[in-house]
Ligand SMILES: [Mg+2]
């Protein structure tokens, strides 16, 4: 079913925990003065993750062993393996799309055997020589708000002619999901879409997602499944 594409957020979606949040909390990053200041600016709506990430993730330089210890404690959301197996069987490509850190995402997807077709994430990682790379995925010159421009990724899948099923939970998913055809939402994203009057399927585990996908996959594939969004985007997003 190459007409479909499944896009899932990582932190708090594919994983039960928000791994980035766990790292910031456990390693004392949140209370660093520069991070406190950047977080306050974020809460006031002055900056997005594009400006917050270099400050916060910048604090993880030289701390690979500490990061490894924290990510030992996290695990996928129930039903993740079954969802991946279902997509594999039907030939639906899976993209993990994250505004987090490449290092822990690659490590955890390998550890748990959740290998997608594509991982799109901020290139923040410990290199083999022990050096630390701090980068952002966003190459959208018209908008530098998010570290990872999820909206652009979903727009590109749409341009390839695919119908996009998006699964997410957080603020970083608001823009990406606004270009998707169907959204499965929990947490902040679910509340946001509800108040915006946009349709979304609620979920807590991926068994909930499969309960919708499995009996209706033909309708998803031909575009007739109910709950389809206009895929018109979000007025906040800018593109050239
Ligand atoms: Mg998330």
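Taken together, the values in this text are just the output of simple stated rules run on the coordinates, not laboratory data. Here the structure is a predicted model, which means the values were calculated and not measured. Methodologically, a virtual Cβ is constructed for each residue, glycine included, from the backbone with ideal geometry; neighbour enumeration extends over all protein chains shown.
How large is Rg/Rh for the chain, to two decimals, with Cα atoms and a Kirkwood Rh?
With Rg and the Kirkwood Rh in hand, the quotient comes to 0.96.
In what order do 10, 84, 239 fall by count of nearby beta-carbon atoms within 10 Å, going from fewest to most?
So the residues, fewest neighbours to most, are 239, 84, 10.
In whole Å, what is the distance between the alpha-carbon centres of the range 121-138 and the range 1-18?
One Cα centre to the other: 22 Å.
Summing -39500 (n - 2.57) over the DSSP H runs of n ≥ 4 in the chain and dividing by its residue number, what mean residue ellipticity at 222 nm do you reach, to the nearest 500 deg cm²/dmol?
-12000 deg cm²/dmol
Mean-square fluctuation check for the chain, GNM, Cα pairs under 10 Å: which of 114, 210, 90 is largest?
It is 90.
Going by how many other beta carbons lie within 10 Å of each one, how would you line up 166, 132, fewest first?
Result, fewest neighbours first: 132, 166.
Quick check on the exposure proxy: order 152, 107 from fewest to most C-beta atoms within 10 angstrom.
Lowest to highest Cβ neighbour count: 107, 152.
How far, in degrees from 0 to 90, does helix 102-111 lean away from the longest principal axis of the Cα atoms of the chain, to the nearest 10?
Result, in degrees: 60.
Helix 150-159 against the longest principal axis of the chain: what's the angle in degrees, Cα atoms only, rounded to the nearest 10?
30
What FRET efficiency do you get for residue 198 and residue 156 if R0 is 22 Å and r is their Cβ-Cβ distance, rounded to the nearest 0.05?
For residue 198 and residue 156, the calculated efficiency is 0.55.
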